[in-house]
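We did not get these values from a lab; they are worked out from the coordinates using the rules stated. Remember, it's a predicted structure, so these values are computed and weren't measured experimentally. When we count neighbours, we look across all protein chains shown, and the Cβ atoms used for this are built from the backbone with ideal geometry, even at glycine.
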Amino acid sequence: MFDFRNGKPLKVLLIPKGLSHAATSFVESLKINSISEKARRNRRVVIKRRNVYGVRAADLINFYFRAAAIPIRYLSEVREWRRWEARCFQMLNGDRFRAKVRDSRTVTLDKLPGENLWDHMNRGTLTPRMLKAAGSEYRRAHHFKDEEFGSGWSHGDASMTNVIYNEKTGRARLIDFEIRHEKSLPATARHADDLLVFLLDLVSRVSSRQWIRFAICFLRAYGDAAVIRPTWP
Ligand SMILES: Nc1ncnc2c1ncn2[C@@H]1O[C@H](COP(=O)(O)OP(=O)(O)O)[C@@H](O)[C@H]1O
Ligand SMILES: [Mg+2]
């Protein structure tokens, strides 16, 4: 798999300095936002609210990201976060679902039907079909051109908790846009990092035999050889 961190193979990257996966797990443990669910008219919505101490905590996390040469940034400024969260959600899910900025600290998102893949994995209900759906969705998402990056869009926090799978439609959708890759990174590197972060969630929980099978399903559905191709010497 392509790796912008000196072209090291995947196994060398499992506990490295500068790994977005470990970094985002650390960030998630800090809980800068609160999430709640409500009924609005006849739809269910998820309300995501930035906590009061969120800006300072996010700045501190960004300091750590920089110091550790991790190429992602937390959107610490509340206005910028609100705009990016709502914009990415609309861009990817706006065919059926809506996102709205409600007040200075809050974004309201339609609740996507289904469950996130991390919960499926922990319950033992993860299937190859779900991995294929996730791979296809990442491929689709990476094809959006974004003015912020000047090239293909990338997630920046591509963990399994941020992929919602709908059993009825067999479709996966992406959520959670509060971390962004460094703009200076080329699109291929950002895209490979998204795939790596997702796959490292898998490797942490399933048996090695199953991991290979699931990883192949995910990568085949993603299908872009330029991003997947190994670059180690
Ligand atoms: N629009 C949504 N539809 C369905 N579930 C959601 C939605 N937004 C959040 N969730 C659920 O809430 C969890 C946390 O939301 P997320 O936006 O990922 O915030 P955090 O920054 O805490 O990771 C997700 O893993 C998902 O299970
Ligand atoms: Mg999340």
Here the gain from full extension of Arg171 to Arg220, 0.36 nm per residue of separation minus their alpha-carbon distance, amounts to 16.0 nm
Assertion target for Met121, Met160, ordered by fewest C-beta neighbours within 10 angstrom first, is Met121, Met160
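Could you put Trp211, Trp84 in order, starting from the residue whose Cβ has the fewest other Cβ atoms within 10 Å? Don't skip to the end; give the middle numbers.
On the way: Trp211 15, Trp84 19.
Result, fewest neighbours first: Trp211, Trp84.
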Cα-based Rg and Dmax for segment 34-99, in Å, come out at 14.7, 47
The extension gain from Phe144 to Tyr64, computed as 0.36 nm times the residue separation minus the Cα-Cα distance, is 25.9 nm
Given unit charges at Cβ for Lys, Arg (+) and Asp, Glu (-), the dipole magnitude of the chain about its Cα centre in debye, nearest 20, is 620
Binned at 5 Å from zero, the C-alpha pair distances of segment 161-221 give percents of 4, 14, 19, 25, 21, 12, 4, 1
Per-residue Cβ contact counts at 10 Å, fewest first, order Asp119, Asp201, Asp193, Asp110 as Asp119, Asp110, Asp201, Asp193
Listed by chain and number, the residues whose amide H is under 5 Å from that of Arg102, excluding neighbours fewer than 5 places away on the same chain and using placed H, are Val107, Thr108
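Work through the residues other than Cys217 whose Cβ is under 12 Å from its Cβ and net out their charges, Lys, Arg +1 and Asp, Glu -1.
+4
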One checks the Cα atoms of segment 10-228 and finds Rg and Dmax, in Å, of 16.6, 51
Under the Karplus relation with 6.51, -1.76 and 1.60 and θ = phi - 60°, whole-Hz ³J(HN,Hα) for segment 39-47, x at Gly and Pro, equal 9, 10, 6, 10, 10, 9, 10, 10, 10
Under the Karplus relation with 6.51, -1.76 and 1.60 and θ = phi - 60°, whole-Hz ³J(HN,Hα) for segment 154-167, x at Gly and Pro, equal 9, 7, x, 9, 7, 6, 5, 5, 9, 10, 9, 10, 9, 4
Restricting to Cα pairs under 8 Å and 6 or more apart, the percent relative contact order of the chain works out to 26
Given the candidates Ser184, Ala86, Leu196, the one whose Cα lies deepest towards the positive end of the charge dipole of the chain, counting +1 at each Lys or Arg C-beta and -1 at each Asp or Glu C-beta, is Ala86
Two pseudo-spin positions, 7 Å from Cα along C-beta at Ser208 and at Asn42, lie apart in nanometres by 5.4
Computed ³J(HN,Hα) along segment 116-130: with the Karplus parameters 6.51/-1.76/1.60, θ = phi - 60°, integer Hz and x for glycine or proline, the list is 6, 5, 5, 5, 4, 4, 5, 8, x, 10, 5, 10, x, 4, 5
